[in-house]
Structures are given as structure tokens and as C-alpha cells.
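The values are calculated or read from the model by the stated rules, or taken from the named source; none is laboratory data. Source: prediction; values computed, not measured. Cβ placement follows ideal geometry from the backbone for every residue including glycine, while neighbour counts extend to all protein chains displayed.
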Amino acid sequence: MSDYDVIVVGAGNAAQAAANSAREQGAEQVLVLEKAPEADRGGNTHFSGGMMRIAYGEAEALRPLLPGVEDELPGFFEDVPTYTEDEMMADLMRVTAGKTDQTLAKTLISKSYETICWLHEYGGIPMEPAISLTGIRVGNRVKWQKGGIIRAEHEGVGLSNSWFAKSEANGITIRYGVGATALLQDEDGNVVGVEVNNGETLEEITAPAVVLGCGGFEANAQMRAQYLGAPWDHAKVRGTAHNQGDGLRMALEIGALPWGQWSGRHSTPISNEWPDFADRERTDRSNRLSFPYSVMINRLGLRFLDEGEDMGMYTYAKYGGRILNEPGALAWQIFDQQTVHLLEPRYSTSDPITANTLADLVEHLDVDDKPQALRTLEAYNAAAPSRGANDGFDPTQKDGLSTSGLSPEKTNWATRLDQPPFLAYSATGGVTFTFGALKIDEDARVIGTDWRPIRGLFACGEMVGGLFHFNYPGGTGLVSGAVFGRIAGASAARKAAE
Ligand SMILES: Cc1cc2nc3c(=O)[nH]c(=O)nc-3n(C[C@H](O)[C@H](O)[C@H](O)COP(=O)(O)OP(=O)(O)OC[C@H]3O[C@@H](n4cnc5c(N)ncnc54)[C@H](O)[C@@H]3O)c2cc1C
């Protein structure tokens, strides 16, 4: 007789989706293990912006998720563009250079809408429009970027709190400060439970089904150095300090198959003033994602990437890494008064360096070669379209307003820096989560190095490998966690009922 029907390791979005799905599908005794103390619960989910990218098709399909939205945003459903499964697949394929695992991607995308409706209805998670992330006000209307329209109310904090409330209401046992340290197997190789460290002693807890939803290795400097290489051991961590790769280590120890891009990670431009681990109160407000409207220079005073390569939601997850690899892992994002109104509200957590001339601005920046910095900004201005051409400036889509003759060019939103005062914000690369993880099948069963399922073991969330390579379309992590968490929970409940 086992202690529980299903044990879920972790207490973020994926794990809680799994635990509640298991309950919904008939598992009576479900245990959630949260390694963090209660005050630090919820993993990266707590820190997240709560945004969810789903293939909703027509905007009207969002009405059940956002019933009162037109009170706040009149004309919302006319303003939101369609977003089909084909478009979401095209986005995922484009940003991952075609390397996304096709089976997982199809499952993710085809179940994205129905799963978020389940999250809302069964999980009791209220939603709101993600206006500060993907909406741009034009007059009294809002222009939306396709796909990432909704987020959990009160962002990741709201999402996490709602999940804990649902789990408690669903009779799920949650143990805080209890981390899984090893998977238990019987003599036939079935996973039959976990060994845990409860802070005082090691304990064995048994169940016929174990779901791993305990994150990647992003908070572990040694594993970052090992798999991502230098300088990732120095990256600031954007989320929880508790995702140390425990689940991956435990699964690999019993022969799980590593899958996906183990050298890959999600990392974003964040304020260089931020601490090494994220601040639980300010959550994701370190992000500095308005860079498409900026000119970015490094400590050598040089531009080093195309700030306007694509809409920010399709470049932000790779540009953190680009900045981290620059000298001193530092860049400056420079704006003038033409674009300053476009800065995300999150910029208000920093005081920018300001000046009335570019020469004065670079004097105040932490760059090693100030004359070069000024030459770079002047060369940028000379290569940007003349003022009249700025009439074509359109922050709501790729506007083709490009510099000419620079290396690299800025290929969209290349307005001149000529309207003082100028503002400079610091940026470094913050690591969000890691891409390398485990191979699972469509039932979220963990596959072994013998290419057979490891009986009794399931995985979800950041522990699923293969979906993301090089880059990531904003808002996909939480939806992946929900989709594969729900599947893992249902599969675990079935296993427990055998
Ligand atoms: C600042 C920030 C902003 C983000 N914004 C967004 C966004 O807007 N939209 C989006 O889609 N994604 C976003 N993400 C990514 C998103 O947060 C993650 O993809 C998602 O939360 C991962 O969910 P998860 O359940 O797999 O892991 P987590 O939420 O990280 O949960 C892992 C859990 O496992 C626990 N744990 C770890 N080890 C053990 C162990 N040995 N035993 C027991 N428990 C253990 C942890 O304490 C934690 O509870 C953001 C991430 C960050 C950091």
C-alpha cells in the first residue's frame, strides 16, 4: 500500500496543473512537495509576468476568459488580431530555427486554448489583458501583438496564489521545505516514490506515480557553467533560487533521456542594478524590453546587435545572452523623447542617466571608450532615415525604418536620436530558465535512454526538453507548463488506478 496515489515534485504552474489534473481525473491522495519554505513558494511562476501565448483563432474566443474586458478597453475584440494554430507554429518554428520537437509543439499548440480555458474554469484562475506587455495605445485604441494577449490577473503572483488556493480547496497535501533528493524504484524498474530531505531527516514517501515539475538548472552556477559555458556562471537569476536542477539530476540518475538544447537558455535584458537573485517583491520588473526603440552600445562604445530585428517578443529571450557576452556583461539602452513614451512601465524601477546632448550623456555612462561611444551614436544618426521618413515610424509592427551602411544595421524603428533630453538605462543578461531537459512522450511519460517509458515517471514544465532552442516566443513557458502539467497529472492518475 503506497502512501499516496500521486506525488508531484515542485509547486509552480506546471506542478500545480499536474496535481489538480490528477485530482480531477480521480486520484484521491495527491502530495505536492515544495522544496522552498512557504514564504518562498511557487518557483519561477511567482516571478513571471503571467503572460500566456495561445492559439485562440478569432478574438471572440477570448471572451470567456475576459468577460468584462470591454468596460476597461472598449472595442477590445475588434482590436485584437486573429492568432491561429498555424501562426503559433510558424512563430515557434521561426524563433527556434526549425528545431522545436514537432510532436511536442503540435500538442502544445493544439491544446493551448482549451488548456488555458481549463486553467480558468477548473483552476479558478482569473485572467486580464496583458496590456503593459503586448498592447500599444494608439489614440484611444490599443494595437495588440498577435498571440500574447492574456495573462493571469496580478501576473505570476496572482497565478501562483490562485493555484495554491485551488490545490488547498482540492484537498491536495502540500509539504513546504521538503525537497525530493532521489527517485525510488522497485526491482522491476518502476518508479514507486521519492526520497526527500525534510530539513531534519531523509524520508521515503511512496506512490505508484511521480510527476516531476521542479524546474530547470537556471539557479545552479555550476550546472550553468557545465552546460551553458562561460559567462553563464555569472548571470543574474531572474527567478527562484530553488531551481537547482534537482529533478533533472534525479531523473538522469535512473536513466532518463536528456532532450533538447542543453546549451540553450531563456535570458533577457534586465537592469544591471538588480541583485544576483530576483527580488520576490519586484518579481519581473528588472526587464528592460523596450530596446527595439533604443540604440544599444557596449562598454567599448560600439553597437553589437540589430535592436530592431523583430518585435521584442521574438528577440527578448535571446538578447539577454547577447548582452551577457559583451565586455563586462553590460550594455546601455539610449532613448530620446520620440520614443520615451513607449518604454514599458517596468523601466520606472530605475533612474536613467539623462543629458541634453549625446556628448554629455556618454560622459556619464560606464563605458571604457567614451569618444567611441559618441562616434557610434553620431554614425547611427547619420545612417538613420532623415526626419521626414520618421513619419513611417510604427511601433506596433515591423516598420522597415532601417539604417543604411552600418554593421550591424538597425532594421526597424531606426529613428534618429535627436530630440533631447536623452536617457540611458543599463542592461545585462538575466537567466530565466534552461532549455535542456528530459524527453517525454505525448502522455508526458519520461522516456529512458533505452527509448522506452520509465514506468511511473512523468514530467512537465521546465523539465520538458525539446520545445525551445536558441530562442523562445514570449508567453510560451506557462502555457507549456499548463498543457503538459495537465497531461502529466491525468496520466499519473491513470497509472495510480491500474
Ligand atoms: C521573471 C520571469 C518572468 C517570466 N514571465 C513569463 C511570462 O510572462 N509568461 C510565460 O509564459 N513565462 C514566463 N516566465 C517563465 C515561466 O515562469 C516558467 O516557464 C514557468 O513558471 C515554469 O513553470 P514550472 O512549474 O516548470 O517551474 P517553476 O514555476 O519554476 O516551479 C518549480 C518548482 O519546483 C520546486 N523545486 C525545485 N527543486 C525541488 C525539489 N528538489 N523538490 C521539491 N521541489 C522542488 C521549486 O521550489 C518550485 O516550486 C518568466 C520567468 C521569470 C523568471
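Every residue, every condition in (1) of a type in the set (D, E, K, R); (2) within 11 Å of the ligand (Cβ to nearest atom); (3) part of a loop (DSSP other than H, G, I, E, B), yes or no:
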site	(1), (2), (3)
G148	no, yes, yes
S162	no, no, no
S167	no, no, no
I174	no, yes, no
A180	no, yes, no
E187	yes, no, yes
| In the stretch 22-47, which residues are touching a residue at least 60 places away in the same chain (Cβ under 8 Å), more than 13 Å from the ligand (Cβ to nearest atom) and either charged (D, E, K, R) or closer than 18 Å to R486 by Cβ (or both)? | A22, R23, E24, Q25, G26, A27, V30
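Please pick out the residue among V95, V80 that is assigned by TED's automatic domain parsing to the domain that holds S160, under 26 Å from P129 (Cβ atoms) and under 17 Å from the mean Cα position of the chain (by Cα). Before the answer, list the steps.
Values: V80 fails: under 17 Å from the mean Cα position of the chain (by Cα).
Of the residues listed, the single one that is assigned by TED's automatic domain parsing to the domain that holds S160, under 26 Å from P129 (Cβ atoms) and under 17 Å from the mean Cα position of the chain (by Cα) is V95.
Taking the condition of being of a type in the set (D, E, K, R) and assigned to a helix (DSSP H, G or I), how many residues in the stretch 90-110 meet it?
Of the residues in that region, 3 qualify.
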| said: For the stretch 445-498: of the residues being of a type in the set (K, R) and touching a residue at least 40 places away in the same chain (Cβ under 8 Å), which is surrounded by the most Cβ atoms within 10 Å (Cβ to Cβ)? | reply: R486
| task | Would you mind finding the one in I150, I172 that is under 18 Å from the mean Cα position of the chain (by Cα), aliphatic (A, V, I, L, M) and within 23 Å of G477 (Cβ to Cβ)? | result | I150
| request: For residues that are of a type in the set (A, V, I, L, M) and without any contact (Cβ under 8 Å) to a residue 24 or more places away in the chain, scanning just the stretch 224-249, find the one that is nearest to the ligand (Cβ to nearest atom). | output: A225
| request: Scan the stretch 199-252 for residues that are polar (S, T, N, Q) and over 20 Å from A11 (Cα atoms) and jot them down. | output: T201, Q222, Q226
| Pick from the stretch 1-21, criterion part of a loop (DSSP other than H, G, I, E, B) and within 7 Å of the ligand (Cβ to nearest atom), ranking: farthest from V196 (Cα to Cα) | G12
| Residue among E326, E344, E363 that is more than 27 Å from I136 (Cα to Cα) and surrounded by fewer than 15 Cβ atoms within 10 Å (Cβ to Cβ) | E363
| task | Can you work out which of the residues in the stretch 291-320 that are buried (at least 22 other Cβ atoms within 10 Å of the Cβ) and within 16 Å of the ligand (Cβ to nearest atom) is nearest to the chain's Cα centre (by Cα)? | result | A317
| said: Can you pull out every residue in the stretch 422-441 that is assigned to a loop (DSSP other than H, G, I, E, B) and more than 22 Å from the chain's Cα centre (by Cα)? | reply: D441
